[in-house]
Amino acid sequence: MSDLISMTLAEARDAIRAKKFSSRELTGAFVSAIEKARPLNAFITEAGEQALTMADAADKRIAAGQIGALEGLPLAIKDLFCTKGVRTTAASKILGNFVPSYESTVTQNLWDAGAVMLGKTNLDEFAMGSSNETSAFGNVINPWRAKNSNVNLVPGGSSGGSSAAVAADLCLAATGTDTGGSIRQPAAVTGRVGLKPTYGRCSRFGVVAFASSLDQAGPMTKTVKDAAIMLKTMASVDAKDSTSVDIEVPDYEKLLEGGIKGLRVGIPKEYRIDGVPAEINALWTKGADWLKAQGAEIVEVSLPHTKYALPTYYIVAPAEASSNLARYDGVKFGYRAEGVRDITDLYEKSRGQGFGAEVQRRILIGTYVLSAGYYDAYYSRAQKLRTLIKRDFEQAFEKCDVLLTPTTPGPAFGVGAKTSDPLEMYLQDVFTVTVNLVGLPGISVPAGLSENGLPLGLQLIGQAFDEATLLRVALAVETAADFKHSPAKWWSV
Amino acid sequence: MVVRMNAPIKNKLLKGETGEWEIVIGMEVHAQVLSQSKLFSGASTTFGAEPNNNVSFIDAGFPGMLPVINEKCVEQAVRTGLGLKAKINLRSLFDRKNYFYPDLPQGYQISQYKDPIVGEGEVLIDLKDGESIKVGIERLHLEQDAGKSLHDQHPDHSFVDLNRSGIALMEIVSKPHMRTSEEAAAFLKKLRAIVRYLGTCDGNMDEGSMRADVNVSVCRVGGYDEFRKTGSFKSLGTRCEIKNVNSMRFIAQAVEYEARRQIEVIEGGGTIAQETRLYDSKLGETRSMRSKEEAHDYRYFPDPDLLPLEFEQSWVDAIAKTLPELPDEKKARFMQSGLSPYDASVLVGERELADYYEELAKGVDAKAAANWLNNEIVGRLNRDGLSITDVPVSAAANNAIIQMIFDQTISGKIAKDLLDVVWTEGGDPRQVVEARGMKQVTDTGAIDAAIEAVIAANPDKVEEVKAKPKLSAWFVGQVMKQTGGKANPAAVNAALKTRLNLPDEG
């Protein structure tokens, strides 16, 4: 039954409905695949037993004719989503053995639709990272390896556990969260699809917060169609999240049809960045040609404040994080240092021992930029830039319907290759952070292989709450790219 | 009514070694919003619950929890703003005030920093001499309360009770428009009356529903006038903030102590450091809590979990329509009906007292009703340790007693006895008067008979009175005694004069 696990979400859904196999059979196949793939370290918590129980319940509902949109379909959940009764770590030591007694809205939506939870996937600590190397539970290994190489590569980040799980067929699809590229970048370097919806499309309730004005949950899938199916269920307006937006969630899967004839695709000229390998730019041009061939009009547009996006992001995100992470203080839950003198000592030791280096770095940056005397120079100016960057996009979207850019400046890199230089690591997000700053939806679609045989992605950026158009164009890229590659399953040999 | 923006400084100066000083006072009052649930969560706000029983995951700062604004609290803040005749801001922002403390579970307090929900307004404060002073309101904003740290429950552990965590507070900030401890206490008293009339805060200072921080500074005579003219704080002294003063009495004491302390420091050649001080009510002194250098850097920034708070003017107008008559309006109406400014302001100080008075005064002389209430009813309440809401005799019953005095059914003296009877035994005053024969005797026959009886028993006194007419009071007393206090004193006087041939002036 090894073929079960390589199915797409849509194929498995249709097969289960046609009673070709049960959810228990499908779930069981994934549970054993996950066990075999432990060398990848994609999961922090495997929930095999619970998955089989959920699968049995789904099978009963299927037998009774009560079939939800994702009935019986096994998924992996990024360990940033709180799951009732299942340990939630945010890949940090500071949460200790925290077991929530509540469920995030996004995962609740999935379970309500009949989905099955296989476990909680690894990530960068508090989603801060682009390589999944800041996890307190160890780094994740990318299932892909370069041509003729045994070197372990990173799966991207922060949703690196989810990207590895999808690429290694350890789930039908996974959830991710994206604050500066954390869905799109790992999807790109593992050859799969990652969608960051419009800010406000998915509820943030029950998702451990990194940077509240940027965080957004989204699907990581094998295909564009699967992303459409997942988003339909994940998205909802939520009374428990004041920033979720009450705009109808359409049937994205149905809206995939229709082609892209007449659509205008913008190519932002500022995204040609010095130092980006030629193969990335070549793929970008190829992508534009594919869309043109399917009837789209290609237009050059300008996003003049692009160069400020990364610095703006690295002020706004740490500022919000420094405040969001203040609650992890050793007082109420999670890790508490032993042998402390007084309350200040308790704070300093618990936080000093509980948070990893990257998280501490960002807390310090965030605290600094919000401090009296520096606020105007940093935070305040970053907010003004955010407004200017937003205006860039508004003006660009007068000339086009979607934008096409590369997703990453290169393919997956080696484990440890960039850990000594945070700035080089931050550059991984150069094409993706802008979208978070302005709240727009973005998707990465696998588009080809690098010279050394590693997957590369193209990014499409859509207009607010128009994920339907975005997905339609993504499907066009997917169709033209005809990316059929999968990593060799070296870990289960 | 006399209202001054800036009352003359008579009796408002403090004498130091080197001359006279003026005190300048501003207040920040935290008033707990009356609402069923907290500002950003559905947890209950009931006072007195077991520790940590009124706590949701939001109030405890659990991972992934998000605040959702409670519309009722917003309405209460707007209502209070309207009661303070203040500008209502149709768009305001919530900010995070960041600091670490065990009873602050999120590590930040959600408050309003740059853009509060309510802007400038004013409060008229009533002083003992009947004078009223206008005190400016700088702003009112909404914020979360913190929990409570308990350090005295265990020798080496501290405990945290989060029941208060997340409860909605209105922070009401005055302008530095008060000049004496009396004015400061009067401000808090008036503010308390207004929020209680509005039903936006129960004003219960014992339960911590209302807490005041008092800013005190001193300056040389003339400095305050200069400040009012130019708006420049440079003409005022450096202020110290006295935290959490929780009664009117303590406010007066804290201000007096702090002003004296500052004058002594300055006159001794020192300077006042801007700092936060704590009032120790046991020792009757203030002491330093933290200096400006030690002050927290709160790193305020807009809370990204909350959208800007926006509403329509029409919503504000609809709330304005439901506002009750407020103390100042009621006071003006009472004064029109004949009450002195002092009586009127005492009566409107508590809404329940004013309501009681209004029923009591129906169809009777306003001044008489106010005197009856202040002297007889409030006197007995104080004696018995009761409040106006526990009064055992209804306003209607007291109204009947006053009417009986006016139609001369009973004397003023009998009325007091009658009140004592119904106070302890209950019953309808008119029936009690009938049943116990307490009616006043105006029948001259009965009075004459009593006079004859007294004369017959005291022939020697008759001669004395004739010689010294002022002694007739003794006869009046005897006759009253003879009639069991029921005789109309005026009728007794007249009959005695005729009988004993006394001159008119006597």
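Values quoted throughout were computed directly from the atomic coordinates according to the rules given, and no laboratory measurement underlies them. Nothing here was measured: the structure is a model prediction, and the numbers come from that model. For neighbour counting, all protein chains shown are included, and Cβ atoms are generated from backbone atoms with ideal geometry for every residue, glycine included.
Tabulated values for the structure
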quantity: Subset of A:Lys240/B:Lys321; A:Lys222/A:Lys484; B:Lys175/B:Lys330; B:Lys439/B:Lys468; A:Lys222/A:Lys418; A:Lys60/A:Lys254 violating a 21 Å alpha-carbon distance limit; calculated: A:Lys240/B:Lys321; B:Lys175/B:Lys330; B:Lys439/B:Lys468; A:Lys222/A:Lys418; A:Lys60/A:Lys254
quantity: Neighbourhood charge, 10 Å Cβ-Cβ cut-off, centred on A:Asp79 and excluding it, Lys, Arg +1 and Asp, Glu -1; calculated: +3
quantity: Dipole of the protein assembly as shown [Lys/Arg +1, Asp/Glu -1 at C-beta], most positive-end residue of A:Gly262, A:Val435, A:Val31; calculated: A:Gly262
quantity: Under 20 Å from the A:Ile273 label point (7 Å along Cα→beta-carbon), backbone N, the range A:308-349; calculated: A:308-319
quantity: Overall Cα dimensions of the protein assembly as shown - principal axes, largest extent first, Å; calculated: 142, 75, 62
quantity: Compactness index (Cα Rg / 2.2 N^0.38 Å), the range A:379-438; calculated: 1.42
quantity: Rounded to the nearest 20 debye, dipole of chain A from Cβ charges on Lys, Arg, Asp, Glu; calculated: 240 debye
quantity: Share of Cα-Cα pairs in the range B:16-295 lying beyond 34 Å, as whole percent; calculated: 21 percent
quantity: Antiparallel %, DSSP beta bridges [both residues in the protein assembly as shown], to 5; calculated: 80 percent
quantity: Stretchable slack from B:Glu425 to B:Glu294, in nm (0.36 nm times residue separation minus alpha-carbon distance); calculated: 40.9 nm
quantity: Point-to-point label distance, A:Glu394-B:Gln313, nm (Cα→Cβ direction, 7 Å offset); calculated: 2.5 nm
quantity: Cα-centred dipole magnitude for chain B, charges only on beta-carbon of K, R (+1) and D, E (-1), debye, nearest 20; calculated: 1120 debye
quantity: Point-to-point label distance, B:Leu500-A:His485, nm (Cα→Cβ direction, 7 Å offset); calculated: 12.9 nm
quantity: Kirkwood hydrodynamic radius of chain A, from inverse mean 1/r over distinct Cα pairs, in Å; calculated: 22.4 Å
quantity: Computed log₁₀ I(q)/I(0) - Debye formula, equal Cα scatterers, no solvent, the range B:242-310, q 0.13, 0.23, 0.24 Å⁻¹; calculated: -0.54, -1.01, -1.06
quantity: Cα centroid of the range A:1-59 to Cα centroid of the range B:453-506, whole Å; calculated: 113 Å
quantity: Residue-averaged 222 nm ellipticity for chain A, from DSSP H runs of 4+ at -39500 (n - 2.57), nearest 500; calculated: -10500 deg cm²/dmol
quantity: Extension reserve of the A:Ala357-A:Leu423 stretch, reckoned as 0.36 nm per residue once the Cα distance is removed; calculated: 22.3 nm
quantity: J(HN,Hα) series, the range A:24-37, from Karplus relation 6.51 cos²θ - 1.76 cosθ + 1.60, nearest Hz, glycine and proline x; calculated: 4, 4, 5, 5, x, 4, 5, 4, 6, 5, 5, 4, 5, 8
quantity: FRET E, pair B:Glu17, B:Ala453, Förster distance 60 Å, beta-carbon r, rounded to 0.05; calculated: 0.25
quantity: Pair-distance profile P(r), taking every C-alpha pair of the range B:444-500, with 10 angstrom steps and integer %; calculated: 25, 63, 12
quantity: Whole-angstrom Cα spans of the range B:32-105 along principal axes, big to small; calculated: 37, 28, 20
quantity: Backbone N within the range B:12-28 under 14 Å of label point (7 Å from B:Glu267 Cα along the Cβ vector); calculated: B:13-23
quantity: Sites B:Asn246 and A:Thr387, calculated FRET efficiency, Cβ-Cβ separation with R0 35 Å, nearest 0.05; calculated: 0.20
quantity: Between the range B:190-262 and the range B:386-448, the Cα center-to-center distance that results, in Å; calculated: 45 Å
quantity: Hull-based mean projected area of the range A:187-343, where the convex hull spans the alpha carbons, in square nanometres; calculated: 14.0 nm²
quantity: Rounded to whole Å, sorted largest first: equivalent-ellipsoid semi-axes of the range A:2-257, Cα gyration tensor; calculated: 24, 22, 18
quantity: Overall Cα dimensions of the range A:307-383 - principal axes, largest extent first, Å; calculated: 46, 22, 18
quantity: Most positive-pole-ward Cα, A:Ser492, A:Ser323, B:Asn98, against dipole of the protein assembly as shown from beta carbon charges; calculated: A:Ser492
quantity: Over chain B, volume per residue of the alpha carbon convex hull, in Å³; calculated: 228 Å³
